[in-house]
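Written below as structure tokens is the structure these notes are about.
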Amino acid sequence: MIKLPESFALHLDNPIYTVADVARIIDEPYHIVYHWAKESQEKPPLVSRCYSFPEEELYIAFVGLAEAYTVSILRKYGLSTRQIRTVVKKLSSEFKIEHPLASNRFRIHGAEVLDNLGIDNPELVTVKNNKKVFRGIMEDFLSGVTYADDGYPRRFYLIQYRIATVMVDPGFSSGEPVYYASCVRLIDTLERLRAGETLAGVAADFSTPPHEIEEAWKFDRAKAA
């Protein structure tokens with residue numbers, strides 16, 4: 001962990017994640033997330049990173065994790081990284097938004113920009129009260145984000161879990177996903193189950209609802225299959 005001055009914004013400048021951490025949390029391959037965070041002259045990064053080291057390890061703040069999760073969801077709707085970069089460029093230039101994929105203004109302007117750019121996806125964008133708005137899992141995600149006063153996320157919930165309520169907040173467990181009910185890290189329950197302990201025993205030890213741990217365990221097993 002890199003020591004930063006306390007004055008640095010926790011969610012914007014504190015490099016608490018590696019690319020591997022981000023890939024694990026949002027359930028994307030490492031090389032894909034690395035590509036999103038890698039900068040070149042032709043393609044600015046989609047995921048903001050704090051530092052690059054000689055070993056080319058990229059460190060990412062909480063705002064970058066939120067950007068990566070947004071990119072992941074948009075790609076699930078079939079948008080290409082090229083299309084997403086076009087949206088980011090438009091939001092940055094026209095609306096003067098920094099970190100547009102993480103900003104609360106993305107919820108306000110993102111659907112409109114997609115539509116104006118001719119990126120037609122009726123499963124992603126709909127009309128409500130004469131405004132273009134997001135729908136489906138994109139709206140589910142945005143609805144679960146808690147924003148700080150500066151308009152950037154301070155907490156969000158992982159929408160791949162439908163039974164368990166799993167939050168990611170840099171103020172809890174160094175930004176690791178935790179069960180909202182107990183603030184216990186998912187990784188701690190999963191490691192115990194991988195070691196052969198019973199679901200009931202793990203739930204009792206961590207004071208976490210067993211049905212929530214069971215869903216996380218099934219999700220973990222499906223990824224490992």
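The values are calculated or read from the model by the stated rules, or taken from the named source; none is laboratory data. Keep in mind it's a predicted model, so treat the numbers as computed, not measured. Cβ placement follows ideal geometry from the backbone for every residue including glycine, while neighbour counts extend to all protein chains displayed.
Data overview
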quantity: Of all residues making up region 115-154, the number that are charged (D, E, K, R) and either out of contact with any helix residue (DSSP H, G or I) (no Cβ under 9 Å at 6 or more places or on another chain) or under 18 Å from residue 78 (Cα atoms) (or both); calculated: 8
quantity: Residue within region 142-157 that is crowded, with 17+ Cβ neighbours inside 10 Å, over 16 Å from the mean Cα position of the chain (by Cα) and either modelled with pLDDT of 90 or more or within 14 Å of residue 69 (Cβ to Cβ) (or both) present; calculated: no
quantity: Every residue from region 204-220 that is small (Gly, Ala, Ser) and touching a strand residue (DSSP E or B) at 6+ places or on another chain (Cβ under 9 Å); calculated: 216
quantity: Odd one out for residue 96, checked against (1) basic (Lys, Arg); (2) free of Cβ contacts under 8 Å to residues at least 24 places away in the same chain; (3) at negative phi; calculated: (3)
quantity: Any hit, region 184-198, residues being under 21 Å from the mean Cα position of the chain (by Cα) and outside any helix (DSSP H, G or I); calculated: yes
quantity: Residue count for region 199-225, restricted to those that are part of a loop (DSSP other than H, G, I, E, B), at pLDDT 95 or above and of a type in the set (Gly, Ala, Ser); calculated: 1
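Yes/no per residue for (1) within 26 Å of residue 175 (Cβ to Cβ); (2) of a type in the set (Ser, Thr, Tyr); (3) out of contact with any Pro (no Cβ under 9 Å at 6 or more places or on another chain):
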residue	(1), (2), (3)
32	yes, no, yes
89	no, no, no
92	yes, yes, no
110	yes, no, no
119	no, no, yes
